[in-house]
Each structure stands twice: as C-alpha cells, then as structure tokens.
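Working notes, beginning with the structure itself.
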Amino acid sequence: MKSANTYASIEIDRAGHLRKDAGWLDSQLTDPASRIVPVWRSRSLVIEGDFPQPVTLPTGHVPLDNAEAIVFLGLVEETAHFAIDVSHHDEPPLRDYGTFQDLRRVGPRMTANEGGLLAYARAMMTWHKRHRFCGLCGSATEVKEAGHVRQCSNADCRNLCFPRTDPAVIMLIHDGGDRVVLGRKSSMLPGQHSILAGYVEPGESLEDAVAREVFEEVGLEITDTTYHSSQPWPFPANIMLGYTARATTFDLTVDYNELEDGAQWFSRDFLLNSPEDATFRLPRKDSISRRLINEWLGL
C-alpha cells in the first residue's frame, strides 16, 4: 500500500457513536485530561520553531463561553480532543501558549499526525462558519451531535446539514516519455508551477472529470487514467483525488481564464534541477501535487 499523504490517516478514533451522548460529552469538556485544539480565524495555535509544535490545551485553560463552535474530534489514545473556534476575539487569544499561524505555512514542517489533527480542526471550523444559516429557509442553524451536524432552528423546517468536503481531481499528465505538463496561476508563489486540477461536477465520474479538466485547461486528449491516492486539503474544504494520465495529443491550447500565467511541457531533467526560487519552483512539499511530481521524477 502507498503511504498516506500529508494531513491524511491521522491516528485518531473519531468515535462517532459518542457524538450523541450528551452526558459523556459534558463530562469530557470538564475533564482536565481532555484536550482542546483552538482555531482562530482559520489559524492554528502552535509553538514556532524549525519544527512547529501544535498546542493542545487542558479544558480548563480555554474559556468555552462564547466559542463560535465546539467540535468533538475524537479520541487520541483514549483522550478526548475537541476543536474550539475562538474567532470572536478581535485579537488572537491564548498568547501565553503560542501563536496562531496559517497551517499552509507551518503544516509542511510538522509530523503527519500533528498536521493532520490541525487540518481536521480547521476543516470543521470552516464548515461551521459557512453553514450558520439554513440553505432551505434561511433561518439560523444550531450545532448538534458534538459539532458534526447543524440543524435548522425553524420548527417548520428542521433541515439537517452535515460537514461538506468538495471533491477535486488533480492529475499529472505526461507524454509517455520525458515530459510533464505544469501550469501556473497568478495566485501562486512567484515562479511556482503545479500539475492540473479542478472540481468534480454533479453527475460526473472522477475519470470523466480528469479528462474534462485537462481538455478545458490545456486542450489535450488523454488515456491510461490511473488513480494514485487522495489527500484532505482544508484550504478551505477539499478532498484532492490524485491521478496520472498519458497525453495522446501534445499541442497545448491554454485557457488563460483558468491558468492566468499559462502552461507548458517541462522535461524531467529541467524539474530535477529546479532552482526552487522566484524564477521556477515546484509545488509545496505537503501537497499531493508535489508527491505525484516527485514519484514521476523517481525521487
């Protein structure tokens, strides 16, 4: 089996059967052995350093009053872990314990379990922030089942909403030999290039999404579409489904609405000697795109 991608397969028992046990949850929220994972405006509490350390706090160290959401994440070695959104503070709280940092910056330097736990907490807080109102009637929603359900407060509606993850395909397209297609968006770091990606549309298989996105973005026909692995990507709320495929046509027709700064074929030798600076750089090391490229390069 392939090893897990960054942020995936963390060692936590999600213990879904406990989410409806209000008495047990209340007892865990007052148990000093339980741990709190605070999130402030999509940022995670860490101790900075060459290898940042995530900060989890005993329950008594984080005021629960006014928290925008409290989510039972699960059990880590029988210890209950809760994510708490403290975004109602105008300034980052809990400064005696660490600083709130963007996971995109510190995650690549954490262990898989550390980064994965923070990614899980961040993803849940993002979902809560985006579903405070019912999509059917517009009434406010209420947190249920330890933060894994939101229910409409309108007695005539009571619609249930569950955490959402948007599926996106990401694919390394090669020519069957020594070249691979990389594209660039203006939102990327200077010089950064990556493989192609796009969202899965309703009524579409993953393989069909791969073929459609490749044709739309660079005008290539493909074959030999092969699944590689997946990666949770909470920036803000995606699951990346990784594929490789071989091009059967080779002239690029770039959609500059999708890839503002274009796309082109790159040779294996060029990528192996990437300067990793503002002139050219590969994707972030915690991304499935970088893993797909590295494996194609034989690294």
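Brief remarks follow.
- Calculated from backbone phi, Karplus (6.51, -1.76, 1.60) coupling profile of the stretch 94-101 in Hz, x at Gly/Pro: 6, 5, 6, 9, x, 10, 7, 10
- Sequentially through the stretch 270-278, phi angles give Karplus couplings (6.51, -1.76, 1.60; θ = phi - 60°) of 4, 5, 5, 10, 4, x, 6, 9, 5 Hz, Gly and Pro residues having no value and appearing as x.
- Restricting the calculation to Cα atoms, the chain shows an Rg/Rh of 1.02 when the hydrodynamic-style radius is the Kirkwood one.
- Assigned charges on the beta-carbon of Lys, Arg, Asp, Glu; the stretch 166-297 dipole about Cα centre (debye): 560 debye
- The Cα trace of the stretch 166-297 gives Rg and Dmax of 13.6, 42 Å, the first to one decimal, the second as a whole number.
- Comparing Cα centroids, the stretch 115-190 and the stretch 228-253 end up 17 angstrom apart.
- Protection proxy ranking, highest mean first, for peptides 93-104, 113-124, 28-39: 113-124, 28-39, 93-104, where packing is the per-residue count of other beta-carbon atoms within 10 Å, averaged.
- Counting only alpha carbon atoms, the long axis of helix 206-218 and the longest principal axis of the chain meet at about 60°.
- Think of the chain as a dipole: +1 on every Lys or Arg Cβ, -1 on every Asp or Glu Cβ, centred on the Cα centre; then among TYR243, HIS17, THR6, HIS17 lies furthest on the positive end.
- Amide H contacts for ARG158 (H built 1.01 Å from N in the peptide plane; partners 5 or more residues away or on another chain; cut-off under 5 Å): CYS152.
- Using C-alpha pairs under 8 Å with a sequence gap of at least 6, the mean separation divided by the residue count of the stretch 1-97 gives a relative contact order of 30 percent.
- For the stretch 26-35, 3J(HN,Hα) per residue [Karplus equation, 6.51 cos²θ - 1.76 cosθ + 1.60, θ = phi - 60°, Hz, x = Gly/Pro]: 4, 5, 6, 6, 10, 7, x, 7, 5, 10
- Under-5 Å amide H pairs with TYR243, H placed in peptide plane, nonlocal only: ILE170, MET171, LEU172, HIS228
- Placing +1 on each Lys and Arg Cβ and -1 on each Asp and Glu Cβ, with no other charges, gives the chain a dipole about its Cα centre of roughly 420 debye.
- Projecting the Cα atoms of PRO32, VAL86, GLN101 onto the charge dipole of the stretch 16-130 (Cβ charges, centred on the Cα centre) puts GLN101 farthest toward the positive pole.
- Ranked packing of 246-257, 146-157, most packed first, by mean Cβ within 10 Å: 146-157, 246-257
- Amide H contacts of LEU182 (H built 1.01 Å from N, under 5 Å, at least 5 apart or other chain): GLN264, PHE266
- Size of electric dipole in the stretch 16-130: Cβ of Lys, Arg +1 and of Asp, Glu -1, about Cα centre, debye, nearest 20: 500 debye
- The chain - percent relative contact order, Cα under 8 Å, separation 6 or more: 17 percent
- Lys/Arg +1, Asp/Glu -1 at C-beta; the chain dipole; positive extreme among MET171, LEU189, GLY116: GLY116
Only the coordinates and a few stated rules stand behind these numbers; no lab work does. Values in this document were obtained by computation on a predicted structure and should not be read as measured data. Cβ atoms come from the backbone with ideal geometry, glycine included; neighbour counts cover every protein chain shown.
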